[in-house]
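I have placed the structure first, in the form of structure tokens, so that the comments after it can refer back to it.
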Amino acid sequence: MTVYRRQEDGSVVVATFASFASAELIRTTLAANGFRSVVRARSVVYPSIDAVEGADISVAESDAEAVLNLLRALQMPQDTVD
């Protein structure tokens, strides 16, 4: 069983990327395959709101396993940011 990081809105984080642009690319790929996802910045670097340190992709918990299977099948990279 895969453990996901749950969000306050009931969604779960399925991937984390070093850049917001990489996460947006994956979000677009998921949308093209029928999955709704949200990209959230992990943190914003002060003083610039444009400087984001990593981004999470969240999906509905019911879609999480299918999304991960799709990303694996498409061999989409995942950058781990901790």
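Just one of V3, V44, V52, V81 is hydrophobic (A, V, I, L, M, F, W, C), at pLDDT below 90 and exposed (fewer than 12 other Cβ atoms within 10 Å of the Cβ); which is it?
It is V3.
When S22 is evaluated against the numbered criteria (1) modelled with pLDDT of 80 or more; (2) part of a loop (DSSP other than H, G, I, E, B), which criterion, by number, is the only one it fails?
(2)
The values are calculated or read from the model by the stated rules, or taken from the named source; none is laboratory data. Everything quoted here is computed from the prediction, not taken from an experiment. When we count neighbours, we look across all protein chains shown, and the Cβ atoms used for this are built from the backbone with ideal geometry, even at glycine.
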